[in-house]
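Following: one structure in structure tokens, then a few remarks.
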Amino acid sequence: MSTEPLLTVEDLHAFYGRAHILHGVSLSVAAGEVVALMGRNGAGKSTTLRAIMGLVENRRGRVTFAGQDTSRLPPHRIARLGLGYVPEDRRVFAGLTVLENLEVGRRPPRADAPAWTAERLFDLFPNLAEMRHRPGGRMSGGEQQMLTIARTLMGNPRLILLDEPSEGLAPRIVEMMAEAIATVKREGLAVLLCEQSLPFAGLVADRAVVIATGNVRHIGPMADLMADGETRRAYLAV
């Protein structure tokens with residue numbers, strides 16, 4: 001795993017109308033690293049991902065991806081640089097089959113990123129292989145989550161932003177999701193994921209960034225957070 005940051009976020013502020021949501025968030029993700037952005041509901045986790053992706057119009061600060069300043073770029077240009085985004089609400093095309101959903105996400109291979117095909121993704125998510133001709137609207141929530149991640153990987157990104165990948169899923173699907181994240185990490189893909197589940201983050205993440213009320217409160221190895229009861233109680237306990 002490289003120690004050079006692939007994604008760097010510096011002093012990121014974000015606003016919804018007059019509401020100041022993020023207050024100077026700074027973090028980094030290296031190639032092949034999984035970083036968990038953790039915090040309670042309303043802490044600013046999803047807004048951080050959306051701001052990185054250019055989906056929050058009123059923002060300031062500096063975001064650098066693959067050596068390029070993306071702070072003021074629109075979302076489609078950020079995506080073309082190799083930054084993928086999997087939103088919390090999944091957004092599959094209900095009337096398209098699994099294969100057709102994957103085709104929507106297809107982009108040419110990149111020299112500096114893992115190359116994904118539908119068949120490779122069916123190996124990653126065997127459940128999808130069994131329903132390749134099923135419309136997205138006739139899938140369970142967990143199956144739709146897998147499909148959304150697979151569709152994003154069809155764009156051959158270098159880094160993906162995952163918003164709450166384990167939320168509301170059955171334990172077996174959560175286990176499969178953890179296995180898939182471990183696999184893409186071995187392929188060299190970087191992952192920044194928002195997560196409330198400490199056990200899930202502990203399974204997949206190398207480092208943790210804890211956020212509360214739009215401020216970063218803790219950054220360090222995932223193992224350190226797992227052992228730090230005081231920080232967990234202060235910022236993660238419900």
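The values are calculated or read from the model by the stated rules, or taken from the named source; none is laboratory data. This one's a predicted model, so the numbers in the text were calculated from it and none came from an experiment. As a convention, Cβ positions derive from the backbone with ideal geometry for all residues, glycine included, and neighbour counts pool all protein chains shown.
Miscellaneous remarks
- Qualifying residue in the stretch 213-228 (condition: of a type in the set (Gly, Ala, Ser), outside any strand (DSSP E or B) and under 29 Å from ASP123 (Cα atoms)): no
- Number of the exception - MET222 against (1) within 18 Å of the chain's Cα centre (by Cα); (2) at pLDDT below 95; (3) more than 19 Å from ASN41 (Cβ to Cβ): (2)
- Residue match in the stretch 72-79 (condition: of a type in the set (Lys, Arg), touching a helix residue (DSSP H, G or I) at 6+ places or on another chain (Cβ under 9 Å), farther than 24 Å from PRO171 by Cα and modelled with pLDDT under 95): no
- All strands (runs of 3 or more DSSP E) inside the stretch 1-94 with 3 or more residues being among the basic types (Lys, Arg): 59-65
- Exactly one residue among LEU37, LEU83, LEU22, LEU7 is modelled with pLDDT of 95 or more and touching a Cys at 6+ places or on another chain (Cβ under 6 Å), and that residue is LEU37.
- Residue ranges of helices (runs of 4 or more DSSP H) in the stretch 116-173 with at least 3 members within 15 Å of the chain's Cα centre (by Cα): 141-153
- Sole exception among (1) surrounded by fewer than 16 Cβ atoms within 10 Å (Cβ to Cβ); (2) β-branched (Val, Ile, Thr); (3) over 22 Å from THR183 (Cα atoms) for VAL63, by number: (1)
- Meets criteria (touching a residue at least 12 places away in the same chain (Cβ under 8 Å), under 18 Å from ARG207 (Cβ atoms) and surrounded by fewer than 24 Cβ atoms within 10 Å (Cβ to Cβ)) for ALA31: yes
- LEU73 being within 25 Å of ILE181 (Cα to Cα) and of a type in the set (A, V, I, L, M): no
- Subset of the stretch 1-27 [closer than 24 Å to MET177 by Cα, touching a Lys or Arg at 6+ places or on another chain (Cβ under 9 Å) and among the polar types (S, T, N, Q)]: none
- On inspection, ARG138 fails the criterion of being closer than 14 Å to GLY84 by Cα and either of a type in the set (Ser, Thr, Tyr) or surrounded by fewer than 21 Cβ atoms within 10 Å (Cβ to Cβ) (or both).
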